[in-house]
Amino acid sequence: MNLTLKIWRQAGPQDKGGLHTYQVAGISSDMSFLEMLDVLNEQLNEKGEEPIAFDHDCREGICGTCSLMINGQAHGPEVTTTCQLHMRSFADGDTITVEPWRAGPFPVIKDLIVDRSAFDRIIQSGGYISANTGSAPEANSVPAPRDKAMRAFNVATCIACGACVAACPNGSASLFVGAKITHLGELPQGQPERYTRVVDMVGQADVEGFGGCTNIGECAAACPKEIPLDVISQLNKDLRTALKSGH
Ligand code: SF4
Ligand code: FES
């Protein structure tokens with residue numbers, strides 16, 4: 001495949017940045033999107049030009065770092081992470097626009113890399129759970145209903161990629177925070193700090209500048225881990241209960 005790429009280049013946080021056009025040739029449809037960018041970077045290196053900075057780590061859909069806006073969609077045209085997106089989703093001769101996440105709380109560090117430490121601070125604000133450390137307890141000593149355990153497991157798959165924020169016109173982190181709240185709130189081990197946790201995490205999300213949820217649903221549509229929209233209902237329910245009970 002031969003492709004035209006329009007890629008956001010930005011030297012640093014204070015730089016204005018802009019789209020630059022590149023041509024890449026000989027791209028296999030079996031390559032991942034990141035491997036295609038690797039090919040482009042090798043070409044740039046050979047020409048003595050600065051390679052494009054983009055984030056990645058596991059390349060297995062686990063770490064959540066490969067955040068790219070591809071043709072205006074978070075992680076591109078498939079519901080997956082950018083590292084698991086393959087070039088067979090594009091056609092020979094396509095023009096592809098690649099940008100970083102666009103959200104105030106995720107400032108651009110360089111080119112396609114954004115600073116997502118706002119998510120880390122939200123997680124930190126949630127604090128600890130009152131579970132004993134040491135050797136693993138006998139599994140049946142803390143009974144958890146199967147449906148609750150499964151829901152907790154499903155939402156624990158959130159990889160903090162930030163696609164939900166990038167896709168949301170309000171730049172809301174509600175799906176991410178809802179996933180974290182629901183993950184711990186469904187399990188017995190998460191109960192002691194359940195209501196202080198939700199107040200603190202929502203408060204931190206506000207401090208970071210994330211917007212509010214207006215039920216648009218782009219977040220869940222873009223989520224590579226298919227976190228359902230109802231975690232936001234859970235978030236609001238827990239927050240209401242917490243505030244009513246004076247947390
Ligand atoms: S909720 Fe989905 S889109 Fe949002 S950070 Fe978690 S995995 Fe990514
Ligand atoms: S590089 Fe880890 S999820 Fe894509």
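The values are calculated or read from the model by the stated rules, or taken from the named source; none is laboratory data. Treat the numbers as computed from the prediction; the structure is a model and nothing was measured. Counting neighbours? That spans all protein chains shown, and the Cβs are built from the backbone with ideal geometry, glycine included.
Can you say whether ASN45 is within 14 Å of ALA166 (Cβ to Cβ) and either modelled with pLDDT of 95 or more or aromatic (Phe, Trp, Tyr) (or both), as far as the supplied structure shows?
So ASN45 does not fit the description; no.
Is it fair to say ASP55 is assigned to a loop (DSSP other than H, G, I, E, B), touching a residue at least 40 places away in the same chain (Cβ under 8 Å) and more than 16 Å from ligand 2 (Cβ to nearest atom)?
No, not satisfied.
Among the residues of the range 38-80, how many are within 13 Å of the chain's Cα centre (by Cα) and more than 18 Å from ALA220 (Cβ to Cβ)?
Total satisfying the criteria: 7.
Any chance you could count how many residues in the range 126-167 are among the aromatic types (Phe, Trp, Tyr) and surrounded by 10 or more Cβ atoms within 10 Å (Cβ to Cβ)?
1
For GLU46, which of the numbered conditions (1) surrounded by fewer than 18 Cβ atoms within 10 Å (Cβ to Cβ); (2) within 16 Å of ligand 1 (Cβ to nearest atom) fails to hold?
(2)
Yes or no: PHE176 modelled with pLDDT of 95 or more and within 16 Å of ligand 2 (Cβ to nearest atom)? Can you show your working first?
Values: modelled with pLDDT of 95 or more: yes; within 16 Å of ligand 2 (Cβ to nearest atom): yes.
Criteria met by PHE176.
Taking the criterion of being within 12 Å of ligand 2 (Cβ to nearest atom) and of a type outside the set (Lys, Arg), would at least one residue in the range 85-104 satisfy it?
Residues of the range 85-104 that are within 12 Å of ligand 2 (Cβ to nearest atom), as a first pass: 85.
Imposing the further condition that a residue be of a type outside the set (Lys, Arg) reduces the set to 85.
Yes, some residue in the range 85-104 is within 12 Å of ligand 2 (Cβ to nearest atom) and of a type outside the set (Lys, Arg).
Check LEU175, LEU187 and return the single one that is of a type in the set (A, V, I, L, M, F, W, C) and over 22 Å from the mean Cα position of the chain (by Cα).
Being of a type in the set (A, V, I, L, M, F, W, C) and over 22 Å from the mean Cα position of the chain (by Cα) holds for just one of LEU175, LEU187, which is LEU187.
Hey, does the range 59-80 have a residue that's modelled with pLDDT under 95 and near ligand 2 (Cβ under 10 Å from one of its atoms)? Before the answer, list the steps.
Initial filter on the range 59-80 (modelled with pLDDT under 95): 67.
Filter once more, so that each one left must be near ligand 2 (Cβ under 10 Å from one of its atoms): 67.
Yes, the range 59-80 has at least one match.
Do we find a residue being among the aromatic types (Phe, Trp, Tyr) and more than 21 Å from CYS164 (Cβ to Cβ) anywhere in the range 18-33?
Looking through the range 18-33, at least one residue is among the aromatic types (Phe, Trp, Tyr) and more than 21 Å from CYS164 (Cβ to Cβ).
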